[in-house]
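The values are calculated or read from the model by the stated rules, or taken from the named source; none is laboratory data. As the structure is a prediction and not an experimental result, all values here were calculated from the model. Using ideal geometry, Cβ is built from the backbone for each residue, glycine included, and neighbour counts are taken over all protein chains shown.
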Amino acid sequence: MYHGPMHYLDWAATAPPYRDILEAAVGVATERYGNPSSRHGAGRDARALLESARERLGAAIGAAPSSVVFTSGGSEADAIALLSTLVGKGERSVVISELEHPAVYEQARALESLGVRVVRVRPERDGVVSPGRVAEALRPDTAVVAVMAVSNETGAIQPIGRIVEAVRSAAGPRRPFVHCDAVQALGTIGFDARALGVDGAAFSAHKLGGPRGVGALYLSRPISPLVLGGGQEGGMRPGTHNTAGAWAFAEAAARAAASVEARMERARALERRLFDGLRAIPGATPLPEGRLPGDERYSPYIACLSFPGLAGETMTRLLDEAGVAISTGSACSSSKKERRSLDAMGVDRELSFSSIRVSSGRDTSEADIDAFLEAASSAYIRFRV
């Protein structure tokens, strides 16, 4: 069992929280505990704090405060958007990419079991979804189109703005609701909802140093929610507000948005160090094959790597024993042996089976990258088949 310092390279799964934000959030929860829906002074005070958080988060994502709906996380935000398909009469269909996070992909599968037609769009071999293919997948009854901003497995950045344009052009006045899971974009490459033209977008606080259990849904136009209740969040998300969580989310998002460019420059430098080191390990292969550092089609924060002849799950365990934390892909499905996104890209099964994900963040150091390279090289030399 390893007992030394841990080199954390699984930021795409969750980011270490800002200690000062969480400590301050405890103070908010204990001192400004009123229910924002109550009319007395404590309630009004909590409401003012909540609306201030909504305004700050809106500024961080390029949105009007009135378009921000607080949720329990990115998964719930995705669910609200997709489940709106079930409200109303008549047949409806949904278009998603094969790359989607389980929060979207499994929700679409559930819709399918209820009679909603789901059309899945395969990405190109580079992991990028073609706007033309999305437009071709539309049907007269398409209600929702969902494509993620950044692949949580390969780091491929999707051309969301061009996808929106292609959908609008092909659909005409029918105008399907275009939704984007932007969880891996906020705080890394940045995300401007209005500039991209999306109708909806999902965000999560814990991916950028905020607390778990809070997220947000951006809505540029109303939808009909499936779940109803007390009418909170404009009727979009019923349930008593998590005021302290919303405040902490907004604080973390504001910090991240203010430093996107500086962090990007540093992330690119770490990406170059990682890829330069990989070249010294015979057989190590970036996925998609041919990806090079500095390629603007990919987020420098996420790299999918394959070590043929050594199962990804085995490499993950060996690195853990060496004090390096990585994953085999999405933390929400990393226990599964399938690599759905890589299969959709046409990646060779052996490369896919041997793949791992290395993801960096605000505190990642050169020492972390070097520790990974040393441990991965050692494990690969000793245990590859």
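Of the set (1) free of Cβ contacts under 8 Å to residues at least 24 places away in the same chain; (2) in contact with a Gly (Cβ under 6 Å, 6 or more places away or on another chain), all apply to residue 173 but (2).
The set of residues in the stretch 310-340 being modelled with pLDDT of 95 or more and out of contact with any Phe, Trp or Tyr (no Cβ under 8 Å at 6 or more places or on another chain) consists of 313, 316, 317, 327. Figure legend. Inter-residue proximity from the stretch 189-215: first residues more than 19 Å from residue 96 (Cα to Cα) and among the aliphatic types (A, V, I, L, M), second residues in a loop (DSSP other than H, G, I, E, B) and modelled with pLDDT under 95, beta-carbon distance below 7 Å, spacing 6+ or different chains. Indicated pairs: 208/187. When the stretch 49-104 is filtered for residues that are within 13 Å of residue 145 (Cα to Cα) and among the acidic types (Asp, Glu), the ones remaining, listed by number, are 78, 98, 100. Taking the stretch 271-282 only, how many residues are part of a loop (DSSP other than H, G, I, E, B) and more than 15 Å from residue 374 (Cα to Cα)? So the count comes out to 0.
I'd like the full set of residues that are under 20 Å from residue 343 (Cβ atoms) and outside any loop (DSSP other than H, G, I, E, B), limited to the stretch 122-156.
Applying the first criterion (under 20 Å from residue 343 (Cβ atoms)) to the stretch 122-156 yields 122-130, 133-134, 137, 146-148, 150-156.
Hits for the stretch 122-156 are 133, 134, 146, 150, 156.
Of all residues in the stretch 52-93, those satisfying the criterion of being farther than 24 Å from residue 187 by Cβ and within 21 Å of the chain's Cα centre (by Cα) are 83, 84. Of note, residue 209 satisfies the criterion of being within 14 Å of the chain's Cα centre (by Cα) and over 25 Å from residue 159 (Cα atoms). Restricting the stretch 16-52 to residues that are of a type in the set (Val, Ile, Thr) and surrounded by 15 or more Cβ atoms within 10 Å (Cβ to Cβ) leaves a set whose member that is farthest from residue 252 (Cα to Cα) is 28. Could you tell me whether any residue of the stretch 219-227 is buried (at least 23 other Cβ atoms within 10 Å of the Cβ) and not in a helix (DSSP H, G or I)? So far as the stretch 219-227 goes, yes, one or more of its residues are buried (at least 23 other Cβ atoms within 10 Å of the Cβ) and not in a helix (DSSP H, G or I).
Report whether or not residue 303 is within 17 Å of residue 328 (Cβ to Cβ) and not assigned by TED's automatic domain parsing to the domain that holds residue 127. So residue 303 fits the description; yes. Comparison of 288, 293, 282 shows that the only residue that is closer than 30 Å to residue 353 by Cβ, surrounded by fewer than 21 Cβ atoms within 10 Å (Cβ to Cβ), touching a residue at least 12 places away in the same chain (Cβ under 8 Å) and not basic (Lys, Arg) is 293. Does residue 133 meet the test of being over 15 Å from the mean Cα position of the chain (by Cα), under 16 Å from residue 345 (Cα atoms) and not aliphatic (A, V, I, L, M)? When the stated conditions are applied, residue 133 passes them. Contact annotation: residue pairs with Cβ atoms under 6 Å, 6 or more positions apart or on different chains, pairing a residue in the stretch 126-150 that is outside the structural domain of residue 347 (by TED's automatic domain parsing) and among the polar types (S, T, N, Q) with a partner that is surrounded by fewer than 24 Cβ atoms within 10 Å (Cβ to Cβ) and assigned to a strand (DSSP E or B), are 142/93. When the stretch 5-32 is filtered for residues that are touching a residue at least 12 places away in the same chain (Cβ under 8 Å) and more than 30 Å from the chain's Cα centre (by Cα), only 32 remains. Could you list, in sequence order, the residues of the stretch 74-114 that are free of Cβ contacts under 8 Å to residues at least 24 places away in the same chain and not polar (S, T, N, Q)? Passing the criteria: 89, 106, 109, 110, 112. Of the residues contained in the stretch 245-252, none is found to be more than 18 Å from the chain's Cα centre (by Cα), over 21 Å from residue 33 (Cα atoms) and either in a loop (DSSP other than H, G, I, E, B) or assigned by TED's automatic domain parsing to the domain that holds residue 85 (or both). Would you check if there is a residue in the stretch 170-189 being at pLDDT below 95 and under 23 Å from residue 303 (Cα atoms)? Yes, there is a match, as at least one residue in the stretch 170-189 is at pLDDT below 95 and under 23 Å from residue 303 (Cα atoms).
The criterion of at least 3 residues that are outside the structural domain of residue 322 (by TED's automatic domain parsing) and in contact (Cβ under 8 Å) with a residue 40 or more places away in the chain is met by none of the helices (runs of 4 or more DSSP H) wholly inside the stretch 335-385.
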